[in-house]
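Asks: Got a structure here, written out as structure tokens. Questions coming.
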Amino acid sequence: MNFEEGEILYFDKPLHWTSFDLVNKVRYILCKHLKIKKLKVGHAGTLDPLATGVMIVCTGRATKRIDELQAQTKEYVATMRLGATTPSFDLETEVDATYPTEHISQEMVESVLLRFKGNIEQIPPAYSACKVGGSRAYELARRGQEVNLKPKTLVIDEIELLTFTASELKLRIVCSKGTYIRALARDIGIALNSGAHLTALVRTGIGEVKLQQCLSIEAFNSALQPSFPCQDCGN
């Protein structure tokens, strides 16, 4: 493979790593392997630190394809806790309110999910990378400032109920670029006359790329440097 000329790599992003953590680690490993000081590396489609799964990383001239690659349809498996909300809509922040769930049935969930199929309007989370007056929304939210974001039109191609219990949903979601699954959890909770937040998220596909095709950062390092363990791969 010619990493300096340009390659497209598929990784399973580790839990708690940011997207930039993964990019930086790939750059470090490649620069060490190639014995160079600089290499252009970027990713196509951000994942939150609390999410895992498919991340496309481009090197060299392949970084010119980032916009094309991140515009592809995404597939996720999302786990949501019912009856409780958090300010970030996931586990980054503590529960701030609880709600009844006794009225929620599987039939009700399946009916509500139909409302989210097709073109939808979604307000991004305050804890997001959206720009507000030159600052990231999450920076303002973490400082306790009010964040007002405009709704965006998105497309949910598929939304499938995988499992249901009195306190938890697991969904498979196929959607367009820019969809916040955390915000979808918020909106589903409201539609169920309750509350909800995301407790786990795995991106299982981007376009034709599936999770089964992706490498761990350790496997990537071992493939390049089979004699040297990746002592720096922890984060």
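Asks: Picking from Ala185, Ala141, Ala200, which residue would you name as being in a helix (DSSP H, G or I), surrounded by 13 or more Cβ atoms within 10 Å (Cβ to Cβ) and modelled with pLDDT of 95 or more?
Replies: Residue meeting the stated conditions: Ala185.
Asks: In this structure, does Ser227 turn out to be small (Gly, Ala, Ser), over 18 Å from Ala71 (Cα atoms) and at pLDDT 95 or above? First the steps, then the outcome.
Replies: Values: small (Gly, Ala, Ser): yes; over 18 Å from Ala71 (Cα atoms): yes; at pLDDT 95 or above: no.
It is false that Ser227 is small (Gly, Ala, Ser), over 18 Å from Ala71 (Cα atoms) and at pLDDT 95 or above.
Asks: Moving to a separate point now. Taking into account only those residues within the stretch 142-163 that are without any contact (Cβ under 8 Å) to a residue 40 or more places away in the chain and in contact with a helix residue (DSSP H, G or I) (Cβ under 7 Å, 6 or more places away or on another chain), which is farthest from Thr93 (Cα to Cα)?
Replies: The extreme case among them is Leu149.
Asks: Turning to a different aspect of this structure: Can you name the condition, by its number, that Ala62 falls short on among (1) crowded, with 19+ Cβ neighbours inside 10 Å; (2) out of contact with any Asp or Glu (no Cβ under 7 Å at 6 or more places or on another chain); (3) in a helix (DSSP H, G or I); (4) not β-branched (Val, Ile, Thr)?
Replies: (2)
Asks: Here's a follow-up. Answer yes if at least one residue in the stretch 14-37 is part of a strand (DSSP E or B) and either in contact with a Phe, Trp or Tyr (Cβ under 9 Å, 6 or more places away or on another chain) or of a type in the set (Gly, Ala, Ser) (or both), and no otherwise.
Replies: Restricting attention to the stretch 14-37, the residues satisfying the condition of being part of a strand (DSSP E or B) are none.
No, the stretch 14-37 contains no residue that is part of a strand (DSSP E or B) and either in contact with a Phe, Trp or Tyr (Cβ under 9 Å, 6 or more places away or on another chain) or of a type in the set (Gly, Ala, Ser) (or both).
Asks: Could you check how many residues of the stretch 34-55 are over 12 Å from the mean Cα position of the chain (by Cα) and surrounded by 15 or more Cβ atoms within 10 Å (Cβ to Cβ)? Full working, then the answer.
Replies: Going through the stretch 34-55, the residues over 12 Å from the mean Cα position of the chain (by Cα) turn out to be 34-43.
Add one more test, that the residue is surrounded by 15 or more Cβ atoms within 10 Å (Cβ to Cβ), and what stays is 39-43.
So the answer is 5.
Asks: Can you find, within the stretch 123-136, the residue that is nearest to Ala185 (Cα to Cα) among those that are among the aliphatic types (A, V, I, L, M) and under 17 Å from the mean Cα position of the chain (by Cα)?
Replies: Kept after step one, since they are among the aliphatic types (A, V, I, L, M), are these residues of the stretch 123-136: 123, 126, 129, 132.
In the following step, the residues that additionally are under 17 Å from the mean Cα position of the chain (by Cα) were identified as 123, 126, 129.
Values: Ile123: 12, Ala126: 14, Ala129: 18 Å.
Taking the candidates together, the pick is Ile123.
Asks: Right, another one. Only residues in the stretch 51-79 that are in the same structural domain as Ser19 (by TED's automatic domain parsing) and touching a residue at least 60 places away in the same chain (Cβ under 8 Å) count as the first member; pair them with residues that are aromatic (Phe, Trp, Tyr) and crowded, with 18+ Cβ neighbours inside 10 Å, Cβ under 9 angstrom, at least 6 apart or cross-chain, and list the lot.
Replies: Going by the 9 Å Cβ cut-off, the qualifying pairs are Ala51/Tyr76; Thr52/Trp17; Gly53/Tyr76; Val54/Phe11; Met55/Phe11; Ile56/Phe11.
Asks: Every residue in the stretch 92-108 that is surrounded by 18 or more Cβ atoms within 10 Å (Cβ to Cβ) and within 22 Å of Arg203 (Cα to Cα), please.
Replies: Once the filter is applied, which keeps residues that are surrounded by 18 or more Cβ atoms within 10 Å (Cβ to Cβ) and within 22 Å of Arg203 (Cα to Cα), the stretch 92-108 yields only Glu92.
Asks: Identify the residue in the stretch 129-138 that is outside any loop (DSSP other than H, G, I, E, B) and of a type outside the set (S, T, N, Q) and, among all such residues, is surrounded by the most Cβ atoms within 10 Å (Cβ to Cβ). Spell out the reasoning first.
Replies: Restricting attention to the stretch 129-138, the residues satisfying the condition of being outside any loop (DSSP other than H, G, I, E, B) are 131-132, 135-138.
Remaining after also requiring of a type outside the set (S, T, N, Q): 131-132, 136-138.
Numbers: Lys131: 10, Val132: 18, Arg136: 15, Ala137: 21, Tyr138: 18.
The selected residue is Ala137.
Asks: When the stretch 70-128 is examined, which residues are found to be of a type in the set (A, V, I, L, M, F, W, C) and not in a loop (DSSP other than H, G, I, E, B)?
Replies: From the stretch 70-128, those of a type in the set (A, V, I, L, M, F, W, C) are 71, 77-78, 80, 82, 84, 89, 91, 95, 97, 104, 108-109, 112-114, 116, 120, 123, 126; that's our starting set.
Listed by number, the residues that qualify are Val77, Ala78, Met80, Leu82, Ala84, Ala97, Met108, Val109, Val112, Leu113, Leu114, Ile120.
Asks: Just one of Gln72, Gln122 is surrounded by 14 or more Cβ atoms within 10 Å (Cβ to Cβ), modelled with pLDDT of 95 or more and under 29 Å from Gly207 (Cβ atoms); which is it?
Replies: Gln72
The values are calculated or read from the model by the stated rules, or taken from the named source; none is laboratory data. Since the structure is predicted, the reported quantities are computational estimates derived from the model, not experimental observations. Using ideal geometry, Cβ is built from the backbone for each residue, glycine included, and neighbour counts are taken over all protein chains shown.
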